[in-house]
Amino acid sequence: MSIAEVAAKAGINRNTLSALELGKPGVAIGAYITVLWALGLDRTLDGVAHPDSDTHGKTLEASRRPARGRKSEESKNEYDF
């Protein structure tokens, strides 16, 4: 497929497709997804952002959890709050 055909099928501008191919940061994620769809590669996104395969995200989440505190000792004085 030519650039013009892919851009037309994806419903984006040829300049956007060119920027996408160059990896420019201003391209919307939707443009990437529609181009993958236009090329018949949209099924390759099945594992993207799946919580079970996101080991980096799980590590970050675990590091942000509060540390477990000590169990407080029971007061021997019934009037101690």
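No value in this document is a laboratory result; all are computed from the given coordinates. Every value quoted in this text rests on a predicted model; they were computed, and no experiment measured them. With ideal geometry, Cβ positions are generated from the backbone for all residues, glycine too; neighbour counts draw on all protein chains shown.
For the reader, a short list of remarks on this structure follows.
- Helix-only arithmetic for the chain: the sum of -39500 (n - 2.57) across DSSP H runs with n ≥ 4, divided by the residue total, places the mean residue ellipticity at 222 nm at -13000 deg cm²/dmol.
- GNM flexibility winner over the chain from 20, 36, 60 (Cα, springs under 10 Å): 60
- Expected-Rg normalisation [2.2 N^0.38 Å, Cα atoms] applied to the chain: 2.17
- Between residue 67 and residue 48, the contour length at 0.36 nm per residue exceeds the alpha carbon distance by 3.8 nm.
- Using C-alpha pairs under 8 Å with a sequence gap of at least 6, the mean separation divided by the residue count of the chain gives a relative contact order of 20 percent.
- Within the chain, longest stretch clear of exposed GluC sites (Glu not before Pro) (DSSP loop, no more than 10 other Cβ within 10 Å): 1-72
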